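So the structure is just underneath, and the comments pick up after that.
We did not get these values from a lab; they are worked out from the coordinates using the rules stated. Predicted model only: the values in this text are computed from it and were never measured. When we count neighbours, we look across all protein chains shown, and the Cβ atoms used for this are built from the backbone with ideal geometry, even at glycine.
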């Protein structure tokens, strides 16, 4: 009875082992490579599968998800012979599990080494000052070269990103001095441009002030000339009007006698002023000369009539 139980127990264990080797469940986004008697038999995708016991063996298990590989920092020499430390991250994905299993022993290690080699090559093509601005081009070129090399391995390189570019300390100090000098240069240029613009604005303001002053002076002179011309015209008109009135008065009855009286009064008044202002006075030869002068003046007035 005891022997029968032992045999039954061993048979149960054997059945469990056979089922464990026969029934296989592959998780999502995974692929298993199966060998039959040491030879590639097929690739199991996600789901439930039955294998032939003791003949089929799962030799490789691959994840079909995108993987990120850290590329360690390495020393690269730029075109102008400056050593810089560069590290990055590589993203890849297994597309063909069969090629990945039998095309290379360790595809992650191989691609990591290729990434470092191509990165050194790309850094060596450019100068230090351009390494930071050329990061995108460097990443693109590295991905292109890795994708060509990894195609026979069934691996697709998706992208490569440079994380850090670390120049030596003395180079960093020199770059910092250069940037400080550039900033000081820009500050001096901006200051000089400000002074220049201020001087130009001041000169333009003085110019406009002089122009406005000259225009005001010109307008003042024009106004004064127009005023003087108007005054002269007014005086001339008034004088002409006065003379016309005098002429009309002379032609009126008694006008001529009034003129004679006015001329005689003016003559006597001016003659008296001359006697007061000077000690020396020239008198007419005869007193009748005064009458003759009045007669001459009146003859002139008659001729004017």
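Descriptive notes on the structure:
- In this label model, residue 214 and residue 181 are separated by 4.9 nm, measuring between points 7 Å along each Cα→Cβ vector.
- Peptides 46-58, 76-88, 225-237 ordered by average Cβ neighbours within 10 Å, highest first: 76-88, 46-58, 225-237
- Length available on full extension from residue 5 to residue 156: 0.36 nm per residue minus the Cα-Cα distance, which gives 48.8 nm.
- Additional length obtainable on full extension of the chain from residue 48 to residue 192, 0.36 nm per residue less Cα span: 43.9 nm
- Whole-number percent relative contact order across segment 67-167, with pairs defined as alpha carbons under 8 Å at least 6 apart: 41
- Share of alpha-carbon pairs per 10 Å distance bin for segment 67-167, given as whole %: 16, 49, 25, 9, 1
- Förster radius 45 Å - calculated FRET efficiency between residue 137 and residue 64, Cβ distance, rounded to 0.05: 0.90
- A crude spin-label estimate for the pair residue 170 and residue 39, with each label 7 Å from Cα along the Cβ direction, gives 6.5 nm.
- Label-to-label distance, nm, for residues given as residue 207 and residue 109 (7 Å Cα→Cβ offset): 7.9
- Kirkwood-Stokes translational diffusion coefficient of segment 171-248, alpha-carbon pairs, 20 °C, 1.002 mPa s, µm²/s: 114
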